[in-house]
Amino acid sequence: MARIDQTPFEVEITDLTHDGRGVARRPDGKAVFVAGALPGERVMASQTGRHRSFDEAKTIEVLQAAPERVTPRCPHFGTCSGCALQHYAQDKQILAKQRVLMENFERIGHVTPERVLAPLTDASWGYRRKGRFSVRRVEKKDKTLVGFRETDPRFVAHLRGCHTVIPQIGEKIGALAQLVDGLQARRDIPQIEFIAGDPMPDFSGIALTIRHLVPLSDADKDAIVAFGKEHGFAIFLQPGGVDSVHPLWPEAPRLAFSLPQWNLEFLFRPLDFIQVNAGLNGKMIEHALTLLDAQPDERVLDLFAGLGNFTLPLARRVREVVGVEGEAGLVRRARDNAAHNGIANADFHAADLAKDLSGEWWMKEGFDKLLLDPPRSGADVVLAQLPLKQFKRIVYVSCHPASLARDAGFLVNERGWKLRAAGVMDMFPHTAHVESIAMFEQ
């Protein structure tokens with residue numbers, strides 16, 4: 001591989017990529033994506049990567065700053081990959097995400113929403129209640145690193161704290177690194193996951209799951225339990241796959257989060273998927289249900305239902321709702337959560353929604369409305385199989401604008417639906433992640 005010329009060069013930034021880097025052009029017309037640069041700026045940059053159609057670079061000096069530039073709150077900005085937009089004013093970040101969504105609709109789906117919804121926002125700091133820290137023992141420096149990956153994913157960022165993670169965790173990253181550093185198994189702990197629910201009588205409602213590649217000694221377990229008690233964290237251990245996760249302290253910790261506006265409490269396990277931003281999640285559910293306009297006499301289908309995040313609030317409003325999810329464990333817990341909340345009009349089924357569903361009996365039932373919240377890959381396979389004419393309205397919640405745009409193109413251009421409204425929701429402030437929502441009618 002040819003050596004990259006790291007001689008600093010001056011460029012003018014004209015746009016922003018979908019992952020939050022500035023877009024510039026070399027004198028020969030080749031695109032260069034510059035980390036840490038904003039549209040309207042002139043910067044000195046240093047090349048970090050070379051590809052056939054574009055180069056990569058990082059900002060080393062801002063010569064002319066954009067009015068939207070702000071001082072990043074976190075000292076690790078630019079090194080840690082957890083955030084890409086802390087240098088961009090918060091009210092401008094969400095508008096940039098809205099542009100990403102609209103550009104994807106135009107470029108990929110060849111559709112335009114009739115109405116652009118106002119962006120949905122909530123707290124921009126201390127919001128992240130679920131995540132995974134990488135752990136790495138660096139023998140040359142005689143220390144253990146705990147944090148997110150650096151922008152170069154080969155390395156773990158040496159974090160002293162994190163401002164986007166909930167403070168009860170974000171302010172304890174240094175203490176967590178000290179804990180691991182003092183363990184006999186410190187070289188064999190690759191990751192620690194965190195998840196937060198509501199406070200419980202015996203602990204904070206926050207759980208840590210420690211992945212370990214060798215059996216832990218009694219001394220290590222005692223140290224970890226003492227750490228959990230000191231900080232109010234429930235501790236789970238994961239010696240193998242997901243099924244190996246088990247509590248260390250307390251003996252049977254109860255993890256739950258509530259949605260008070262629907263009088264609901266969700267019980268969950270430490271590695272379950274829950275929306276990372278609790279404040280935005282409640283607003284998003286209300287937003288989706290309003291767009292769906294579900295009525296008391298209607299039957300609704302909720303695809304990619306998970307624990308029932310949308311399904312159970314829907315059950316409070318409609319005659320019946322059916323939730324379908326690919327992971328059998330989540331389906332069991334969704335059923336348990338329905339029973340836990342005294343809900344009898346929600347039914348859950350396990351099915352791989354990326355495969356042939358012709359044998360699924362729920363596919364043959366009649367529905368009035370459809371809500372779906374698929375993974376990044378989208379919902380093209382299941383949408384192609386559904387008898388779409390039965391639905392009066394579809395609400396699509398998306399974590400990836402490109403797959404939403406593709407699926408919107410299918411619904412509008414191939415099946416004759418109308419994209420009535422779409423907009424963005426800031427589930428991950430200060431990152432380039434775009435969460436969005438769209439409503440379709442026939």
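The values are calculated or read from the model by the stated rules, or taken from the named source; none is laboratory data. Just so it is clear, the model here is predicted, and its values are computed rather than measured. When we count neighbours, we look across all protein chains shown, and the Cβ atoms used for this are built from the backbone with ideal geometry, even at glycine. SASA here: full protein model, heavy atoms, side chains in, ligands and nucleic acids out. Shrake-Rupley method; radii C 1.70, N 1.55, O 1.52, S 1.80 Å.
Figures for the structure shown
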quantity: Extension gain, residue 263 back to residue 202 (0.36 nm per residue minus Cα-Cα distance, nm); calculated: 19.7 nm
quantity: Inter-site label distance for residue 319 and residue 110 at 7 Å from Cα along Cβ, in nm; calculated: 3.9
quantity: Filtered trypsin sites (Lys or Arg not before Pro), segment 307-394: DSSP coil and at most 13 other beta carbons within 10 Å; calculated: 355, 376
quantity: Segment 169-317 - percent of accessible surface contributed by carbon and sulfur, probe 1.4 Å; calculated: 51
quantity: Sites residue 152 and residue 344 - FRET efficiency at Förster radius 41 Å, r taken between beta-carbons, to 0.05; calculated: 0.20
quantity: Shape category assigned to segment 293-359 from the gyration tensor of Cα positions, a/c cut at 1.5; calculated: oblate
quantity: In range of the label at residue 17: residues from segment 81-97 whose backbone nitrogen is under 18 Å from the point 7 Å along Cα→Cβ; calculated: 81-88, 96-97
quantity: Length gained when the stretch residue 90-residue 252 is fully extended (0.36 nm per residue, less Cα-Cα span); calculated: 54.3 nm
quantity: Label of the coordinate-derived value, volume of the Cα convex hull per residue in Å³, listed as [x] 149; [y] 135; [z] 165; calculated: [z]
quantity: Of 130/389; 130/221; 130/172, pairs whose Cα-Cα distance is over 26 Å; calculated: 130/389
quantity: Cα gyration tensor category, rounded, prolate or oblate, for segment 274-405 with a/c compared to 1.5; calculated: rounded
quantity: Gap separating the Cα centres of segment 236-273 and segment 281-355, nearest whole Å; calculated: 19
quantity: Cα gyration tensor shape of segment 10-158, rounded if a/c is under 1.5, else prolate or oblate by comparing a/b with b/c; calculated: oblate
quantity: Antiparallel %, DSSP beta bridges [both residues in the chain], to 5; calculated: 65
